[in-house]
Amino acid sequence: MLPAARSRRPGRWLSALFWPALLLLCLFTPLLPRLLAPLSAGVPPTTDSPLWQLTLAHLGLVLGAELIVLLIGVPLAIYVTRPGRAALMQLAEAITGLGQTVPTIAVLALAVPALGFGTLPTLVGLILYGLVPVVSNGVSGLLGVDRAVQDAARGMGMSTWQRLSRIELPLSLPVLGAGIRTSTVYNVGTATIGAALGASGLGEPIINGLSQQNTGLVLLGAVLAGLLALSLDALLGLLVSGE
């Protein structure tokens, strides 16, 4: 590793860990509720469930949806970028793109009659919204692999699977990783709407605050959701960059 790269590494770690540390500070100390007390009739806003429990539920919902997104999106991106499948690639991007043309609340509302209230319709909405950046970035990353590198690997006798696993996927990982980060951040925000359908998470204080006209309670959920999104983005950035 070059000296300059070594010197940047601690700084990247400190920068990435700042947001998780701030999130933990807000979850396990009364700092944030006290700061928001002036916006909540002078009383620190409180929730029925502990903030850490709401955050864990929110995190579990987002990560569960993102896992399904990866299991669908990455194989789909690989399949449609194989030679001779240009029409399928355009179709796949168009279909997945439909997920973000419909308003979030409409997607969730349409899922309720079939799936009922609770976590399941929210999960479906998160999957639909999370697929777009993963598929589009996966396609862009795989198509962006230098043709000369692929020809060299083919000349060395590598099989199709070996070229994919050793050449294409590693070289496309930065672009694909950016799509995963975008998808995850989108879904942290989208998951807050799921509280209106009965899903647990950081949307609960936001929905309750709106119904009670309590600005402090709304901001309590919004700030924590924002810190969670920044924390996941920073940690995924480290993971993708291999730091």
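A few remarks follow.
- Counting protein heavy atoms only, the chain has 69 percent of its accessible area on carbon and sulfur, 1.4 angstrom probe.
- Between the C-alpha center of region 153-170 and that of region 13-59 there is a gap of 47 Å.
- Between helix 104-115 and the chain there is an angle of about 90 degrees, using the helix long axis and the longest principal axis of the Cα atoms.
- Working note: 222 nm ellipticity from helices only, DSSP H runs with n ≥ 4, each -39,500 (n - 2.57), summed and divided by the residues of the chain, gives -25000 deg cm²/dmol to the nearest 500.
- Unit charges at the beta carbon, dipole of the chain: most positive-side option, 90, 200, 187: 90
- Whether region 16-121 is rounded, prolate or oblate, judged on the alpha carbon gyration tensor where a/c under 1.5 counts as rounded: prolate
- Using a probe of 1.4 angstrom and keeping all protein chains present, the accessible surface of region 155-243 works out to 44 square angstrom per residue.
- Each of 40, 216, 54 was placed along the dipole of the chain (beta-carbon charges, centred on the mean Cα), and the one lying farthest toward the positive end is 54.
The values are calculated or read from the model by the stated rules, or taken from the named source; none is laboratory data. Fair warning: this is a prediction, and the values are worked out from it, not measured in the lab. No Cβ is skipped: glycine too gets one built from the backbone with ideal geometry, and neighbour counts run over all protein chains shown. What goes into the accessible areas is simple: the full protein's heavy atoms, side chains included, and nothing from ligands, DNA or RNA. Shrake-Rupley method; radii C 1.70, N 1.55, O 1.52, S 1.80 Å.
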